[in-house]
Every structure is written in C-alpha cells, then in structure tokens.
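Data first, discussion second: the structure below is written as structure tokens.
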Amino acid sequence: MKKDFLKLYNSFNEIEKKGWIKSKRSGTTGIGYTFESLLNKKEDCFQMPDYDGIEIKTVNYNSKQKIHLFNMTPDGDFLFPIKRIISKIGYPDRDYPQYKVFNVSVKSKPETILGYKKLKLYVNYKKKKIDLLVNTIEGKKIKIDISWSFESLKKALYLKLQKLAIIDAYSNKEKNDTYYYI
C-alpha cells in the first residue's frame, strides 16, 4: 500500500473508532462534508483530488444515489460557457428568483425533462466530443453549442481520479439530526 493511501487508511480507522458522528451538514453532501471535516480538510471546489492526491467519494450505504465523480466546464470558443447555458436554458433560482441557475444531471438516455425543454448528451465519436442537445417538448431544436471534447474529459479524469477512495457510511436519523457511522 502506498504512503498516501496508508495515511488515509489510518485516518479512516481513527474516524471509524469514534462510532456514530453527528452530520455537520444536511442533505446529500452531509457524509462527504462530515468525513472531510474529520480529516481536517477544508471544503473546496477545485479540480484537484481531495486528500494528498486521492479523490474521496462518500456513499450512504443504504442509498441508491449515484456517485458524481467530477464537474467540468464545457469547452468552447466563447469566454463564459456556463453563462451561455444559463442565459439560454437556465431557470429562476428557488431562493433568489431574480437570478437564473442551471443545476441538473443530464444523461444520454433517457432525455432529461427540465421545464419545457428536453436535454440529453450525445456522444459524437466522429468529432470526438460529447454534445449537449436541447429541444423544446415539441421537438424544436434550441441551438446552444455546448460540448466537452474527449481530450479535455480525459485530462480531467486523469487529474481528478487517478487515485480514488470510496468511503461507505451508514446513516441514522434521530429527531431532526442525522448521524453517520463511517
């Protein structure tokens, strides 16, 4: 076992000895945030691995929720692709309706329905990229020109997931609090 994994393994064993730990955050990010806090790691949004070169993903043992490996800004010739997506297909924020947001998981099959739009990912092997396709419910194409090249995806995957640790945790609710056994 390499030194970096050994350090994480030893830290994991110390955390496991603590037994049930009260979540430090509610919602789907509670386990990850709680575990990383116990590792004395500060929260970040970097495209780098979490802990000494290791990407940590936490999973609720009782959940069927998918693991999100990483987020990636689309490629493109324009300066701010996320702003372009939000302006074209964003929707009002729940808490701040004066601002548009775009937060959705898009798949290749089946299409994702978002309001009056259908979204899906199309793997374009010929052009070596993945395109975001957007249509109205009636089937009219909405031109958005958003894609991710195979090369940029490969670089992101290699950078972020060269070393991956998946941590299982059990969850338990008591009154309004969630506890994890990691």
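Taking the Cβ of residue 106 as the center, what net charge do the other residues with Cβ under 12 Å away carry, scoring Lys and Arg +1 and Asp and Glu -1?
Local charge sum for residue 106: +3.
Could you tell me how many degrees, from 0 to 90 and to the nearest 10, lie between the Cα long axis of helix 150-161 and the main elongation axis, the longest principal axis, of the Cα atoms of the chain?
10 degrees
Carbon and sulfur: what percent of the chain's accessible surface (1.4 Å probe)?
Here it works out to 53 percent.
Can you give the local net charge around residue 116? Use residues other than it whose beta-carbon is closer than 14 angstrom to its beta-carbon, Lys and Arg +1, Asp and Glu -1.
After counting each charged neighbour, the total is +3.
Return the Cα extents of the stretch 76-137 along principal axes one, two and three, sorted largest first, each rounded to a whole Å.
Rounded to whole Å, the extents work out to 41, 29, 17 Å.
Considering amide H positions built from the backbone, and no H for Pro or chain starts, which residues 5 or more places from residue 21, or on another chain, come under 5 Å of its amide H?
HN-HN under 5 Å from residue 21: 180, 181, 182.
For the chain, how big is the tail of P(r) above 26 Å, as a whole percent of Cα pairs?
The proportion of pairs with Cα distances above 26 Å equals 46 percent.
So what is the accessible area of the stretch 40-107 per residue, in Å², with the probe set to 1.4 Å?
It amounts to 78 Å² per residue over the stretch 40-107.
Please report the antiparallel percentage of the DSSP beta bridges confined to the stretch 18-165, to the nearest 5.
90 percent
Can you tell me the FRET efficiency between residue 181 and residue 102 if r is taken as the Cβ-Cβ distance and R0 is 45 Å, rounded to the nearest 0.05?
The pair residue 181/residue 102 has a calculated efficiency of 0.80.
Length gain on complete extension for the stretch residue 157 to residue 72, per 0.36 nm per residue less the alpha carbon to alpha carbon distance?
Between residue 157 and residue 72, full extension yields 29.6 nm more.
Once phi is turned into ³J(HN,Hα) by the Karplus curve 6.51 cos²θ - 1.76 cosθ + 1.60 with θ = phi - 60°, what whole-Hz value does each residue of the stretch 85-91 show in order, with x for glycine and proline?
Karplus values, whole Hz, x for Gly and Pro: 4, 4, 5, 7, 9, x, 9.
For a paramagnetic label modelled at 7 Å from the Cα of residue 43 toward its Cβ, which residues of the stretch 148-169 fall within the zone defined by backbone nitrogen distances under 19 Å?
Flagged as within label range: none.
If I model the stretch 87-176 as equal point scatterers sitting on the Cα atoms and use the Debye formula, what is log10 I(q)/I(0) at q = 0.26 Å⁻¹?
Here log10 of I(q) over I(0) equals -1.26.
The values are calculated or read from the model by the stated rules, or taken from the named source; none is laboratory data. Computed from a predicted structure; not experimentally measured. Cβ sites come from the backbone with ideal geometry, for glycine too, and all protein chains shown count toward neighbours. With ligands, DNA and RNA removed, areas are computed over all heavy atoms of the protein, side chains included. Shrake-Rupley method; radii C 1.70, N 1.55, O 1.52, S 1.80 Å.
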